[in-house]
Amino acid sequence: MNKYNDRWVDAGAVRSLKLIASPRCQQILQEVRSKNEGRSISAANAIQYIRSNPPPLFDQNLVDLGKRLALVIQIGNWTGNKPPDYNESGDKACIDCEFIAGRDLLIHTATFHKVGELWIVRGVRETMQALLAKSSEPGVNKEQQ
């Protein structure tokens, strides 16, 4: 609800509610949409996602699950995921999802846990943001940049 006057906190909260995708999350997002003008669009998008009855965020194939998760959290344009990084036991893994939003390169690291035969999403957090250089392509004038 913008209680902390911090847009990053709000964005993370909306993303978390979207990923949980429960009826209670949808109710909270409705309230966010009406009370937090800065997050009304992202809350509306999250509500639309929840209403689409998305499949649960688990899969036998970790790479496929990582791709599906990246498409759910998509910020700007998704450029791909790095290969999974496994723990020594092979039952936990992280995948870096890469996005370009305007001139920002964003890396979101997703954590997964294997339970039985299924990989389950345990969390996602932004782990890097970098400002990309302006384009220096020939024929691109400053107004187009």
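The values are calculated or read from the model by the stated rules, or taken from the named source; none is laboratory data. Since the model is a prediction, treat every value here as computed from it, not as a measurement. When we count neighbours, we look across all protein chains shown, and the Cβ atoms used for this are built from the backbone with ideal geometry, even at glycine.
List of remarks:
- Residues of the stretch 122-145 that turn out to be farther than 30 Å from Ala11 by Cα and either modelled with pLDDT of 95 or more or not in a loop (DSSP other than H, G, I, E, B) (or both), as a count: 0
- Count of residues meeting criterion [under 15 Å from the mean Cα position of the chain (by Cα) and farther than 22 Å from Leu17 by Cα] in the stretch 59-81: 3
- Sole residue being of a type in the set (Asp, Glu), modelled with pLDDT under 95 and surrounded by 13 or more Cβ atoms within 10 Å (Cβ to Cβ), chosen from Asp10, Asp59, Asp104: Asp10
- Qualifying residue in the stretch 48-58 (condition: under 27 Å from Arg103 (Cα atoms), in the same structural domain as Met1 (by TED's automatic domain parsing) and within 15 Å of the chain's Cα centre (by Cα)): yes
- Of all residues in the stretch 107-126, exactly one satisfies the criterion of being aliphatic (A, V, I, L, M) and surrounded by fewer than 12 Cβ atoms within 10 Å (Cβ to Cβ), namely Val115.
- Residue list for the stretch 71-105, filter: in a helix (DSSP H, G or I) and without any contact (Cβ under 8 Å) to a residue 40 or more places away in the chain: Leu71
- Residues located in the stretch 106-125, provided they are of a type outside the set (Gly, Ala, Ser) and without any contact (Cβ under 8 Å) to a residue 60 or more places away in the chain: Leu106, Ile107, His108, Thr109, Thr111, Phe112, His113, Lys114, Val115, Glu117, Arg122
- Residue in the stretch 14-21 that is at pLDDT below 95, closer than 22 Å to Thr109 by Cα, out of contact with any strand residue (DSSP E or B) (no Cβ under 6 Å at 6 or more places or on another chain) and part of a loop (DSSP other than H, G, I, E, B) present: no
- Any hit, the stretch 77-88, residues being in contact with a Pro (Cβ under 8 Å, 6 or more places away or on another chain), more than 26 Å from Arg7 (Cβ to Cβ), of a type outside the set (D, E, K, R) and surrounded by fewer than 17 Cβ atoms within 10 Å (Cβ to Cβ): no
- Screening Glu37 against (1) surrounded by 19 or more Cβ atoms within 10 Å (Cβ to Cβ); (2) of a type in the set (D, E, K, R); (3) farther than 30 Å from Pro83 by Cα leaves a single unmet condition, (1).
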